[in-house]
Amino acid sequence: MYHPRLSPFQDSTIKTHPAVQQLSTQASYYVAQLDKELNKYPVLLNLEQRTQVPKAYGVIGAAGLITLLIFINAFASPVSNLIGWALPAYLSLKAIESPQAEDDIQW
């Protein structure tokens, strides 16, 4: 059974390696800097108030998720279809409907 007072992570007698302490300090500094920069965007402030998740953590998480999706290539087929088929089809219809004849040649 878990008891919060017996948590090893909150025990002050546990010492961490100096390199871990240094990395933790640097990470906290960079997260604080990012948070200060993100204060310029009211949408993120509103999102932070509604979700109770710090905006810096949300942005870091979203960037990590996008990076992960790029690496596992989850959207390769839909993006390829949009760029290779849907975009030229849309531009062709737009060119046909326009009064200029020059754009009809390309599309």
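Derivation of every value follows stated rules applied to the coordinates shown; laboratory data play no part. Quick caveat: nothing in here was measured; it's all calculated off a predicted structure. Cβ coordinates were reconstructed from backbone atoms using ideal geometry, including for glycine residues, and neighbour counts include every protein chain displayed.
Here are the numbers:
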quantity	calculated
The stretch 19-74 shape via C-alpha gyration tensor axes, a/c threshold 1.5	oblate
The stretch 29-107: trypsin sites (Lys or Arg not before Pro) falling in loop per DSSP and having at most 10 other Cβ within 10 Å	Lys40
Extension reserve of the Leu87-Leu23 stretch, reckoned as 0.36 nm per residue once the Cα distance is removed	18.5 nm
FRET efficiency, Ala95 to Leu69 (Cβ-Cβ, R0 25 Å, nearest 0.05)	0.15
Among Asn46, Asn81, Asn73, residue whose mean-square fluctuation peaks in a GNM of the chain (springs only between Cα atoms under 10 Å)	Asn81
Value of [θ]222 nm, deg cm²/dmol, for the chain, DSSP H segments ≥ 4, -39500 (n - 2.57) each, nearest 500	-20500 deg cm²/dmol
Candidates Val31, Val20, Val53, ranked by Gaussian network fluctuation over the chain, Cα under 10 Å, top entry	Val20
Rg/Rg_globular for the chain, with Rg_globular taken as 2.2 N^0.38 Å and Rg from C-alpha atoms	1.92
Positive dipole terminus of the chain, leading residue within Thr25, Ser77, Ile66 (C-beta point charges)	Thr25
Top of Tyr90, Tyr41, Tyr57 by mean-square fluctuation, Gaussian network on the chain, Cα under 10 Å	Tyr90
Average Cα contact separation per residue, the chain, under 8 Å, 6 or more apart, as relative contact order %	12 percent
